[in-house]
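Reading through the structure tokens given below for one structure.
The values are calculated or read from the model by the stated rules, or taken from the named source; none is laboratory data. If you're wondering where the values come from, they're calculated on a predicted model, not measured in any experiment. With ideal geometry, Cβ positions are generated from the backbone for all residues, glycine too; neighbour counts draw on all protein chains shown.
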Amino acid sequence: MSKVPLTVVGAEMLKQELHRMKTVDRPNVIAAIAEARSHGDLSENAEYDAAKERQGFIEGRIKELEGKLANAQIIDPKLLDADGRCVFGATVDLEDLDSGQNVTYQIVGDDEADIKAGKISVSSPIARALIGKYAGDVAEVQAPGGVREYEIIDVRYV
């Protein structure tokens, strides 16, 4: 499995989710299965089937999180010395050259991406267009509606 890039915050979020899955969700589903078993015939027991399905999901997610954390390449943006270049973990202020609208994005790992929080995946078209560029450069992004141009106003490593 290849390395999974994560920011320090993203890695902590995955660790917290893994901890919750192991300490809260897993015991709850085990209790739900035991409760459903106590109702008798398992062949027509919808509660049992639902609890077993939930258990399968939880166990799968635990394995997925453990795999991602084991293969994580944790990158702290504050420790980067990229000389003002857009890199993984950087926070970038942009101006849309068509609309004049300013936006700020942080380039993060796939699991951390949340456009509403201003975090874009490193594998997204806009992040791929930004990587390697400096403040003052113009990035051309292939969007579904056509090419969009963004001027990079500032690059920060927060």
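A single entry from LYS52, LYS116 fulfils the requirement of being among the charged types (D, E, K, R), out of contact with any Leu (no Cβ under 9 Å at 6 or more places or on another chain), surrounded by fewer than 17 Cβ atoms within 10 Å (Cβ to Cβ) and more than 26 Å from ALA135 (Cβ to Cβ): LYS52. Of all the residues in the range 1-25, those that are under 13 Å from the mean Cα position of the chain (by Cα) and either outside the structural domain of LYS68 (by TED's automatic domain parsing) or in contact (Cβ under 8 Å) with a residue 40 or more places away in the chain (or both) number 12. Here the strands (runs of 3 or more DSSP E) wholly within the range 16-120 that include at least 3 residues being closer than 25 Å to ILE152 by Cα and of a type in the set (D, E, K, R) are 91-96. Say whether the condition of being assigned to a loop (DSSP other than H, G, I, E, B) and either under 22 Å from LEU14 (Cα atoms) or among the polar types (S, T, N, Q) (or both) is met by at least one residue in the range 140-153. No.
Residues that are closer than 29 Å to GLU64 by Cα and of a type in the set (D, E, K, R) are absent from the range 129-147. Filtering LEU94, LEU69, LEU130 for residues that are touching a residue at least 40 places away in the same chain (Cβ under 8 Å) and assigned by TED's automatic domain parsing to the domain that holds GLY10 leaves a single hit, LEU69.
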